[in-house]
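**Q** Mind having a look at this structure? Questions to follow.
The values are calculated or read from the model by the stated rules, or taken from the named source; none is laboratory data. Remember, predicted model here, so these are calculated numbers, not experimental data. We place every Cβ from the backbone using ideal geometry, glycine too, and count neighbours over all the protein chains shown.
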Amino acid sequence: MKHRRHSGARTGWSMGLALLWAAGLVLSAPDPVDARETAGRVPLPAIEKGKGDQCVEDVQFMRKNHMKLLKHQRDRTVHEGIRTKQHSLVGCIECHASQKTGSVIGSNENFCQSCHSYAAVSLDCFECHASKPGVKASLTGTPQQGLPAPAASAPAASAPVASSTAGAAAGSPPKAATR
């Protein structure tokens, strides 16, 4: 019976060398974030930190569910008359308005617009709501909200309006209709 030469020592040494080589490849690989930016992909939005110590909810939860919270808050306020501050849009704006611009929209550096632009999602909250803290909301759209000012209305006609009541004197109030 022939003894086979045991090659365990050589196998262990070559396996160790292979592991060392693989570890070197892993450690020398580019950072995934750098790879994303250099591979032609859209860079992640730069989000300015809010003013408080922490958000009203966990960051990951807010990224996924902020619109659900805002809609729920809107429904409770509009339909039930219940106003709370925990998930109010005004509270979000007070905390997340940019220190540079004082707004959450108007630049891709501002809190709301940076993520909504990145995700290509419509940002229509500020058609009615103010985008800066302390500014009253307006349905007409103002530059403070990030919207263009309303167009000037046509001047009122200076001619007197004809009365719908036949035979009424000019300038006298119309007569009440009888049944």
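**Q** Please enumerate the residues belonging to segment 101-117 that are out of contact with any helix residue (DSSP H, G or I) (no Cβ under 7 Å at 6 or more places or on another chain), free of Cβ contacts under 8 Å to residues at least 40 places away in the same chain and surrounded by fewer than 20 Cβ atoms within 10 Å (Cβ to Cβ).
**A** Scanning segment 101-117 gives Thr101, Gly102, His116.
**Q** Is there a residue in segment 118-134 that is loosely packed, with under 11 Cβ neighbours inside 10 Å, at pLDDT 90 or above and among the hydroxyl-bearing types (Ser, Thr, Tyr)?
**A** Looking through segment 118-134, at least one residue is loosely packed, with under 11 Cβ neighbours inside 10 Å, at pLDDT 90 or above and among the hydroxyl-bearing types (Ser, Thr, Tyr).
**Q** Next up: Please verify whether Ile82 is closer than 30 Å to Leu44 by Cα and either in a loop (DSSP other than H, G, I, E, B) or modelled with pLDDT of 90 or more (or both), treating the condition exactly as stated.
**A** Answer is no for this residue.
**Q** For segment 109-129, what are the residues that are charged (D, E, K, R) and part of a helix (DSSP H, G or I)?
**A** Matches in segment 109-129: Glu127 only.
**Q** Considering (1) at pLDDT 70 or above; (2) surrounded by 10 or more Cβ atoms within 10 Å (Cβ to Cβ); (3) under 20 Å from His116 (Cα atoms), say which one Glu37 fails and leave the rest.
**A** Glu37 satisfies every listed condition except (1).
**Q** Given the condition modelled with pLDDT under 65, assigned to a loop (DSSP other than H, G, I, E, B) and either aromatic (Phe, Trp, Tyr) or surrounded by 10 or more Cβ atoms within 10 Å (Cβ to Cβ) (or both), answer yes or no: does some residue in segment 51-58 qualify?
**A** No, because not a single residue in segment 51-58 is modelled with pLDDT under 65, assigned to a loop (DSSP other than H, G, I, E, B) and either aromatic (Phe, Trp, Tyr) or surrounded by 10 or more Cβ atoms within 10 Å (Cβ to Cβ) (or both).
**Q** For residues that are under 20 Å from Ser117 (Cα atoms) and in contact with a Ser or Thr (Cβ under 9 Å, 6 or more places away or on another chain), tally how many sit in segment 40-88.
**A** 5
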